[in-house]
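A quick write-up on the structure given underneath.
The values are calculated or read from the model by the stated rules, or taken from the named source; none is laboratory data. Quick caveat: nothing in here was measured; it's all calculated off a predicted structure. Methodologically, a virtual Cβ is constructed for each residue, glycine included, from the backbone with ideal geometry; neighbour enumeration extends over all protein chains shown.
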Amino acid sequence: MKKLFYSIILVCAIFAMCFITHKTNDIDYIKSWHHQSALLSIADAIEKHLVDWNEVRAGEKEMQIVYQLAKRSIVKVAVGDAAGSGVIWNIDDDQIIIAASKHLLMKGMAAEVTFCNRETANAIILGVSKQYDIGILSIKNTEVSQKALREIYEAVPILACMDVDWDRERFLKEYAESDVLQIGADLGSGTNFSIGQLTGISFEPLFYTYVLETACYSKAGMSGGGVFDKNGRFLGLISGGDVPEEASVREAETTYSIPAWLVEQEYGIILADIY
């Protein structure tokens, strides 16, 4: 009975999230959900995955709603012998577009993608950014079952530009110290998500741009995954982290993520180069 009660609450919350009114400023400019009819199946999905409640720390149960949605936008990307994460960026009538890390996609010409329901599909690497750790893959819809198309979602990004100080300050006024969910693909090597806070924006020479800083656990394989706010909106593409010098295991306590607007910008540039 308790599980049913939680499921009803979660479904109501998810429907409410999907009908959030668009605001006028660019921080709240978001893409619409693709396949909104797929939400009708989420009650069943939550019932089947309520065990995930045990993975979320006490006091953070509300982030379970975000987790249930976000994990449907996250995929495993395998290129040769290497594997990492990716984010479903766009779904149209012909193809599924996935954003991932350039440092992974540079290892080959093609990739195998595994969706949240364990279904796999072959993907073509459309291209990589010339400057940033961003790459784009494409999967033809004919390669994917109708069941998978019903179960996966494209991410809903916050396309807030961070080119100048004023933009960054405005973003931080909205999001500094706010709760975020950070999630990568399930690579079978333990926990693939963490809950923490967005702590700042900094210029990192390694990434050639301003990146989001989050006080969230991350590890190898989570690169290409996503950072999501408490409303389930995509903030950034995980790209790296700061591992303590004394750490015996390569796990970061501070994670760096490329802002969503840069992913959208580089996606456009890559498509323009192709067509």
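Listed here are the residues, each with its yes/no results for (1) at pLDDT below 95; (2) charged (D, E, K, R); (3) under 18 Å from Leu181 (Cα atoms); (4) surrounded by fewer than 21 Cβ atoms within 10 Å (Cβ to Cβ).
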site: Val66; (1), (2), (3), (4): yes, no, yes, no
site: Leu69; (1), (2), (3), (4): yes, no, yes, no
site: Val77; (1), (2), (3), (4): no, no, no, no
site: Asp81; (1), (2), (3), (4): yes, yes, no, yes
site: Asn90; (1), (2), (3), (4): no, no, no, yes
site: Asp93; (1), (2), (3), (4): yes, yes, no, yes
site: Ile98; (1), (2), (3), (4): no, no, no, no
site: Leu104; (1), (2), (3), (4): yes, no, no, no
site: Lys107; (1), (2), (3), (4): yes, yes, no, yes
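Give Gly268, Gly196 a once-over and let me know the one that is more than 28 Å from Ile125 (Cβ to Cβ), more than 14 Å from the chain's Cα centre (by Cα), outside any loop (DSSP other than H, G, I, E, B) and not basic (Lys, Arg). If you could, list the steps in order and put the result at the bottom.
Working: Gly268 fails: more than 28 Å from Ile125 (Cβ to Cβ).
Testing whether each residue is more than 28 Å from Ile125 (Cβ to Cβ), more than 14 Å from the chain's Cα centre (by Cα), outside any loop (DSSP other than H, G, I, E, B) and not basic (Lys, Arg) leaves just Gly196.
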Item to check | Unique residue being surrounded by fewer than 21 Cβ atoms within 10 Å (Cβ to Cβ), in contact with a His (Cβ under 8 Å, 6 or more places away or on another chain) and of a type outside the set (Lys, Arg) when the list is Leu159, Leu149 | outcome: Leu149
Item to check | Pair list, Cβ under 8 Å, 6 or more apart: the range 97-115 residue among the basic types (Lys, Arg), other residue part of a strand (DSSP E or B) | outcome: Lys102/Val128; Lys102/Gly135; Lys107/Val79; Lys107/Ala82
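Name the single residue, out of those in the range 221-243 being out of contact with any Leu (no Cβ under 9 Å at 6 or more places or on another chain) and outside any strand (DSSP E or B), that is farthest from Ser178 (Cα to Cα). Walk me through how you get there before you give the answer.
Step one: list which residues in the range 221-243 are out of contact with any Leu (no Cβ under 9 Å at 6 or more places or on another chain), which gives 231, 233-234, 238, 241-243.
So of that shortlist, the ones also outside any strand (DSSP E or B) come out as 231, 233, 243.
Working: Asn231: 11, Arg233: 13, Val243: 22 Å.
Only one residue fits best here, namely Val243.
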Next on the checklist: Taking the criterion of being within 16 Å of Tyr132 (Cα to Cα) and either modelled with pLDDT of 95 or more or not hydroxyl-bearing (Ser, Thr, Tyr) (or both), would at least one residue in the range 242-251 satisfy it?
Outcome noted: no
